[in-house]
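Have a look at the structure below before the remarks.
The values are calculated or read from the model by the stated rules, or taken from the named source; none is laboratory data. Not measured: the values here are computed from a predicted model. Cβ sites come from the backbone with ideal geometry, for glycine too, and all protein chains shown count toward neighbours.
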Amino acid sequence: MERRLVAILAADVVGYSHSMGNDEIGTLAALKTCEAEVIEPTVKRHHGRIFKRMGDGYLVEFSSVVDSVECALEWQNLAGNMRQPLIFRIGINLGDVLFEEGDVYGDGVNIAARLESIAKPGGVSISGTAYDQVKRKLPLDFKFTGEQEVKNIPDPIRVYQVESPLQTTAEKSGPKSKKKKHLKTLLPYLLILAGILITASFFYIKTSNNDSIKANESISSDLENSNKSRGASIAVLPFKNLSSDQEQEYFSDGITNDIITDLSRFHELLVISSNTVFTYKGKTMSVKEIGQQLDVKYILEGSIQKAGNMVRINAQLIDIVDGTHVWADRYDQEYSDIFKLQADLVKSIVAALAINVSQSERNRAMRKPPQDLDAYDYLLKGWTHYHSRTRESHHIAKEMFSKAILIDSTYTAAITGMGLLEYAKVSYGWTEFPLRALESAFEYGQRALELESDNASAHTLLGNVYAFQNKYELAIHETELALELNPNDANAYRQRGWVLLWAGRLDDAIGSLEMSLRLDNKSSISNAWLHLGMAYYLKGNYRQALETLEKGVIKRPEYVGYYIILAATYAQLEYVEDAASSAAKVLNLDPFFEVESFGTAFRNLEHRQAIREGLRKAGLR
């Protein structure tokens, strides 16, 4: 016999006996399908070995606890999304066990089995010894459920529940009706089915095993081809506030954002994002200089004056190439007609640029107005505070969006804003309960889409949530729906790019990230430079990676992520001193950094190893 310290995973199907009693043949077939299509390949991907099968139960050994937990979460996710879904309980323990002729024995195995029996349906429970190995190595929450007595084990076991977004909705607590639980449980499957139906109606797929990948690649290609074919590029500079009240600044900024959003919905226009154009606010530069810096053909500039119940907008469209005024106009409207004023302005710009516009694009450009203008006013104030991106400002933004929704419960722009605030808590690390915040963000996104199915921002929000849950195909699908609705959404391109990067589709990731930077290269919080640099690194184009990363680190000199990839890149280029300097910066910003814990989001194991190899070469451990 041989002794080893290993991670043991024990899994069992929830309600298997009951299902066998109702449909023996169908249940057995579902388990066999799950074993062949989900369990065996997932275990293999995470370097595990199934050493025992017991009807609907499995025992698996891993040399790494991190691999075992990642395997468990992927297992639960894929099994729950099958045509005939299966829900498992999973327990994981790290312990000293005995090996004999391929089998494994000892308390280490018994504890894993007991942990499986007390796990929630769709959940994963791990022992204290396993928790100690993964607590700082995986982006997950672990809930301590206490020391528990388990059968045939003399000492109590510390038990932690993995607080994963993949937990089945049916098991989540809360005063919800059975109908809501049923709909929410079905939601992931309905989304997947909808994606398959939409994809099938446009694309002919030869091999069923590659359906989702080929469909996504086809959509990606169409999006990128449409971007290359756009003839007119435009930047909308922040409209000047001519009101005597400087507090009306939020109003002029809000109208500018609205015009950018409306113009962005036209496929033949390339529209620079608000993040970028607002960096020019208050600067004494000529329109031609700005146009040349942004590499656009047209600039729209103007002013807004709000007095009492009246609003006046002056606007002019300038051709940067020859400096001529293509079009200029003045709009005077009552404040109650502000949305008609915006629509007329957008129509005039589109007509002046002589671009082809479909009826669907016209309809999409006309946003659904709120039922009450006070709700719109609160929305504009909310966005002003949201873009400040501080904890305090987000609290104020939440108050503003909440007031807008209180006035108009169907106001999708404010509902989506609430979802983005919840997502921001997770993104910026402002919450101790990230899973709860992600669930709340998802619910806001769903609510917005129920009210307005073509809300691009809501689709982007859902893509963000899915990405954090490692549901890459769903995240890609949502961002591509967003880009169909708004082909100039830099956030959606950025989000799609880094999810494609994690999914291993490097060329598609590079195309999407480059497009996001074409639309928005000024944002100081964007990690597009980092993800683009990582993609170039993984393709072995280290010099291009270095050039990209050095641009990004100027934007965010305090962010450790840039120094991590820079260290690996310098090392691969044999820049020994620069690699050592970046490695030292990494440890200065993150004293607990460990090479093995980095890059766990990469689906492709070769990509993880490629970056870890560079990091070790740079002297990191």
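Observations on the model:
- I157 vs. criteria among the β-branched types (V, I, T) and under 30 Å from Q609 (Cα atoms): no
- Every test in (1) touching a residue at least 12 places away in the same chain (Cβ under 8 Å); (2) part of a helix (DSSP H, G or I) is passed by P487 save one, and that test is (2).
- Only a single item in (1) farther than 27 Å from A36 by Cβ; (2) in contact with a strand residue (DSSP E or B) (Cβ under 8 Å, 6 or more places away or on another chain) is not met by S64, and it is number (1).
- Tabulated pairs, the range 567-589, first in contact (Cβ under 8 Å) with a residue 40 or more places away in the chain and assigned by TED's automatic domain parsing to the domain that holds E547, second surrounded by fewer than 16 Cβ atoms within 10 Å (Cβ to Cβ) and charged (D, E, K, R), C-beta under 8 angstrom, 6+ apart or interchain: A568/E613
- Residues considered: Y536, Y466. Of these, the only one that is aromatic (F, W, Y), over 14 Å from the mean Cα position of the chain (by Cα) and outside the structural domain of L140 (by TED's automatic domain parsing) is Y536.
- Yes/no for T410 being hydroxyl-bearing (S, T, Y), in contact with a helix residue (DSSP H, G or I) (Cβ under 6 Å, 6 or more places away or on another chain) and more than 27 Å from L73 (Cβ to Cβ): yes
- Check on L481, part of a helix (DSSP H, G or I) and either under 21 Å from R389 (Cβ atoms) or in contact with a Cys (Cβ under 9 Å, 6 or more places away or on another chain) (or both): no
- Wholly enclosed strands (runs of 3 or more DSSP E) of the range 1-86 bearing at least 1 residues surrounded by fewer than 20 Cβ atoms within 10 Å (Cβ to Cβ) and either touching a Pro at 6+ places or on another chain (Cβ under 7 Å) or of a type in the set (G, A, S) (or both): 57-62
- The residue that is farthest from G302 (Cα to Cα), counting only those in the range 312-371 that are in contact with a Gly (Cβ under 9 Å, 6 or more places away or on another chain) and either modelled with pLDDT under 85 or not assigned by TED's automatic domain parsing to the domain that holds I290 (or both), is I355.
- Among the conditions (1) surrounded by fewer than 15 Cβ atoms within 10 Å (Cβ to Cβ); (2) among the polar types (S, T, N, Q); (3) closer than 27 Å to S388 by Cβ, the only one that N521 does not satisfy is (1).
- If you filter the range 470-501 down to residues that are of a type in the set (F, W, Y) and surrounded by 22 or more Cβ atoms within 10 Å (Cβ to Cβ), you find that the one that is nearest to the chain's Cα centre (by Cα) is W498.
- Criterion (closer than 26 Å to E2 by Cβ and out of contact with any strand residue (DSSP E or B) (no Cβ under 8 Å at 6 or more places or on another chain)) met by exactly one of M54, M82: M54
- Residue count for the range 450-469 under the criterion of being buried (at least 19 other Cβ atoms within 10 Å of the Cβ) and part of a helix (DSSP H, G or I): the result is 13.
- Single condition R89 does not satisfy, out of (1) part of a strand (DSSP E or B); (2) farther than 11 Å from G122 by Cα; (3) of a type outside the set (V, I, T); (4) in contact (Cβ under 8 Å) with a residue 60 or more places away in the chain: (2)
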